[in-house]
Each structure stands twice: as C-alpha cells, then as structure tokens.
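Undergrad: The following block contains the structure, expressed as structure tokens.
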Amino acid sequence: MKITYYNNLYIDTKLMKKKEQLKEQLEKNEWHSHMHLIILAKEAQNHLEFFSTRMLKQEVFAPTTLFVVGFAAGYDEAREMVRDIVEEVYQKTGSVDIRRFLLEHSERGF
C-alpha cells in the first residue's frame, strides 16, 4: 500500500501531538484500533471516504494508493471532520467540489 498525505493534513485535536508518530505507524502497518482515516475517494464521482484503520488489514488495500486527508480519533470525530472539511471548502469556494479543492491545494497530485 502506498500512502500520500494532503499537505495541510487535518488532525483531530486528540491526535495532534502524535501526527508524525501516526504517519510512521501507518506506513509500517501498525494501526491504532480506534483511529479513522479520511481519504480522497478512489472514484472521481465521490469526494471523501472514512474508515477505521482496522480495515487496512484487508488484502484489498495492499495494491492501493491512499491519499490521506485526515486522522480522526474515532468514528464520530471522523464524521465531524468530514463535515468541517465540507464547510471549509464551501466557505472558501462557494462550491462543494472537495476533490478539486484538495488536489489544487496539495503539493502532490493524486
């Protein structure tokens, strides 16, 4: 699994102090059982997806490239973070084209 990160990674306040440690653990396949990732969806018609890092143990993720947008401490925090991202994009652009906003504001393309 290849992982790239949004350059302005969204981090749950509960995880802020562990940002670099979490990235290292994710890249070593060592996940926190309750942590959720917010990623740019693979399908262009969708914008974001979020799921528990436990899902990464499934073989389907092995050949995948993930564009990680944020780390959330749990399910509720992930839902709130997605809502916050949508609101931010709408306030800044007047649109909800989240995919376009994130890619345009990222140092790396997806």
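Undergrad: Compute the FRET efficiency between Lys28 and Lys92 as 1/(1 + (r/R0)^6), taking r as their Cβ-Cβ distance and R0 = 30 Å, and round to the nearest 0.05.
TA: Rounded to the nearest 0.05, the efficiency is 0.30.
Undergrad: Okay, helix-only estimate at 222 nm for the chain: each DSSP H run of n ≥ 4 adds -39500 (n - 2.57), divide by all residues, round to 500 deg cm²/dmol; what do you get?
TA: Computed ellipticity for the chain at 222 nm equals -10000 deg cm²/dmol.
Undergrad: Would you work out the charge dipole size for the range 2-104 about its Cα centre, treating the Cβ of every Lys and Arg as +1 and the Cβ of every Asp and Glu as -1, and quote it to the nearest 20 debye?
TA: Using only the charged Cβ atoms, the result is roughly 200 debye.
Undergrad: Shifting gears a bit: Just want the answer: with Cβ charges of +1 for Lys and Arg and -1 for Asp and Glu, which residue in Val96, Thr53, Tyr10 is farthest toward the dipole's positive end in the chain?
TA: Thr53
Undergrad: Another one. Identify which of Leu26, Leu48, Leu66 has the largest mean-square fluctuation in a Gaussian network model of the chain, with springs joining Cα atoms closer than 10 Å.
TA: With Cα springs under 10 Å in the chain, the top fluctuation among Leu26, Leu48, Leu66 is at Leu26.
Undergrad: Another question about this same structure. Under 25 °C and 0.890 mPa s, how fast does the chain diffuse according to Stokes-Einstein, given a Kirkwood radius computed over C-alpha pairs? Answer in µm²/s, whole number.
TA: For these conditions, the coefficient is 174 µm²/s.
Undergrad: If we count every other residue with Cβ under 13 angstrom of Glu24's Cβ, Lys/Arg +1 and Asp/Glu -1, where does the sum land?
TA: +1
Undergrad: Helix 75-93 versus the longest principal axis of the chain: what angle, 0 to 90°, nearest 10, using Cα atoms?
TA: 30 degrees
Undergrad: Mind telling me which of Glu24, Glu59, Glu80 comes out most flexible in a GNM of the chain, alpha-carbon contacts under 10 Å?
TA: Answer for the Gaussian network model of the chain: Glu59.
Undergrad: Using a simple spin-label model with points 7 Å from Cα along the Cα→Cβ vector, what separation in nm is obtained for Arg100 and Arg79?
TA: Label at Arg100, label at Arg79, 2.9 nm between them.
Values in this text are rule-based calculations from the coordinates and carry no lab data. A quick note: this is a predicted structure, and the numbers were derived from the prediction, not measured. Positions of Cβ are generated from backbone atoms using ideal geometry, with glycine treated the same way; all protein chains shown enter the neighbour counts.
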